[in-house]
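To keep things clear, I will list the structure first and then write my remarks on it.
The values are calculated or read from the model by the stated rules, or taken from the named source; none is laboratory data. A quick note: this is a predicted structure, and the numbers were derived from the prediction, not measured. Here the Cβ positions follow ideal geometry from the backbone for every residue, glycine too, while neighbour counts run over all protein chains shown. Heads up: the accessible areas ignore ligands, DNA and RNA and are worked out on the full protein's heavy atoms, side chains in. Shrake-Rupley method; radii C 1.70, N 1.55, O 1.52, S 1.80 Å.
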Amino acid sequence: MTRETAAQAHQDIVSHHDKVLIVDFGSQVTQLIARRVREAGVYCEIHPFQSAEKAFAALRPKAVILSGGPASVTESGSPRAPQSVFTSGLPILSICYGQQTTAVQLGGAVEGGHAAEFGRAEVEIVEDSALFEGVWAKGGRYPVWMSHGDRVTRLPEGFTVKAVSENAPFAVASDEKRRIFTTMFHPEVVHTPDGAKLISNFVHKVAGLRRDWTMAAFRQEAIAAIRAQVGQGRVLCGLSGGVDSSVAAVLIHEAIGDRLTCVFVDHGLMRQAEAQEVVTLFRDHYNIPLVHVDAEQMFLKELDGVADPETKRKTIGRLFIEVFEAEARKIAADGKGAPEFLAQGTLYPDVIESVSFTGGPSVTIKSHHNVGGLPERMNMKLVEPLRELFKDEVRALGRELGLPEPFVGRHPFPGPGLAIRIPGAITREKLDILRKADAIYLDEIRKAGLYDKIWQAFAVLLPVRTVGVMGDGRTYDSVCALRAVTSVDGMTADFFPYDMNFLGRTATRIINEVKGVNRVVYDVTSKPPGTIEWE
């Protein structure tokens, strides 16, 4: 299968919007820059520095942002921005490494060996700037987030200092005549409280871009693009029950009606009552043609005795493909014509990752969360209506399409389901225990009004048994771990700070109501980028 048709079909969606090009130098938070620009109502795309020249010509942006990155500008062969960006006359915002390469490429100087800044810092505003309008005032001191070892030691001609910090004499420097703004700190992260406002100032007040990237507009544009791509063809959608595939399915159904058929492979590894919720929503609420395949027995038989986490994931992925292919053949033989298109809930972070130049553990992480793509032999064209969107934008689109809020706001759930929340071998008994414990946990979270404040919460059945006393009897049962994290993007996360009353109440319910659990623990581990949840 190829994504070319899907990518081409959706060029119409973005062609008439004002656009920002983000040149990625490998920062782990580059996606946050894009999120801040999108939150400001402006469309943007991320492209690695190696292909930035080509992207700059093809995208025809009205502004450019240069990201941070792990390299040192002082090293031979370190990344550079296309020189055409600087000669274009377009507004430029250069962040951290971006500031340093901007300085060097325009005739300034960068040196290493000075005192580094990592973490929280304060900047003092020494001169007014268009970037600060309505946000920061001359003479004020404001918190920011720094992450640099090298620093600019000589500014290019035409640049003046706008802000300083203890270890960054050019914390903000700009050539306002050429509309080139540089910051040593990271405005895109939440640790810089006013950062989103600074980025909004750049795209609106400096670059003068329109606030025309809305989900209401996207909905109509995407429907038109789907109709243009599919024509009178049929579309097959693999429905997982998650937000992404659900929103994609509802959007496509709005575009082409009953020429969409959804296949829901129920592998028996979902949360309590979730499979029935999916069937009810799509068959009864939206009346979308849905094939519900109850494959629980097949999956559990194949997973019997399998303890290795990667083997579990690959087994689930293989079975999913086999079941999906079998159903696709049945649908193709129904006399209405074989489906030519396959719908997928691909998001923009997936697109970015597919062209990432940094490598790293992404393949392992993706296999952890997903069950794998479908094989080339299916020979179907892809329909990916969400490929321009981030997760929060998908949720906004879901609300625009009228999906129920509990469905749209549901916490992320990995493709392999509960299989990765039961370290070790899987059994039906373990699944039943975990489902009950997880349902109680989420019920208590909702009762406490905390569900929407938490990015993801779930229970894990640990491969540990402990001796306990319940009433007058001794037990030898399992340990259940609870996890809850806050996050903006899912790339990094921190544990949610429950009070002890909540934890005590929840643990008591689980121990009293779930046979097989006699101890509950709470995981307070933070999640740095790339960390796998448990296995």
> How long, wide and thick is the chain, going by the Cα atoms along their three principal axes, in whole angstroms, largest first?
Replying inline: 74, 65, 40
> By per-residue mean of other Cβ atoms within 10 Å, what is the highest-first order of 332-339, 387-394, 269-276, 283-290?
Replying inline: 387-394, 269-276, 283-290, 332-339
> How about region 417-470: which trypsin sites (Lys or Arg not before Pro) there lie in a loop by DSSP and see at most 13 other Cβ atoms within 10 Å?
Replying inline: none
> Per the Kirkwood definition applied to all pairs of different Cα atoms, how many angstroms is the hydrodynamic radius of region 53-139?
Replying inline: 15.1 Å
>> Taking just the alpha carbons, could you work out the radius of gyration and Dmax for region 125-177, both in angstroms?
In response: 11.2, 31
> Pairs 314/391; 19/197; 19/162; 301/381; 314/336: which exceed 29 Å Cα-Cα?
Replying inline: 301/381; 314/336
>> Let's test this: bin the Cα-Cα distances of region 194-249 at 10 Å from zero up to the farthest pair and state each bin's percent.
In response: 18, 29, 26, 20, 7
> At a probe size of 1.4 Å, how large is the accessible area of residue 170, to the nearest 10 Å²?
Replying inline: 40 Å²
> In whole percent, what relative contact order does the chain give with Cα contacts below 8 Å and a gap of six or more residues?
Replying inline: 12 percent
>> Highest mean first, how do 305-314, 396-405 rank when packing is the count of other Cβ atoms within 10 Å averaged over residues?
In response: 396-405, 305-314
> Roughly speaking, to the nearest percent, how much of region 84-238's 1.4 Å accessible area is carbon and sulfur?
Replying inline: 49 percent
>> Compute and list, largest first, the equivalent-ellipsoid semi-axes of region 229-328 from the alpha carbon gyration tensor, each √(5λ) rounded to a whole angstrom.
In response: 27, 15, 11
> What order, most packed first, do the peptides 87-95, 189-197 have when packing is the mean number of other Cβ atoms within 10 Å of each residue?
Replying inline: 87-95, 189-197
> Taking the Cα centre of the chain as origin and charging only Cβ (+1 Lys, Arg; -1 Asp, Glu), how large is the dipole, in debye to the nearest 20?
Replying inline: 280 debye
> When N counts the residues of region 153-242, how does its alpha-carbon radius of gyration compare numerically with 2.2 N^0.38 Å, as a ratio?
Replying inline: 1.77
>> Considering just Cα atoms, how many Å³ per residue does the convex hull of region 121-279 enclose?
In response: 203 Å³
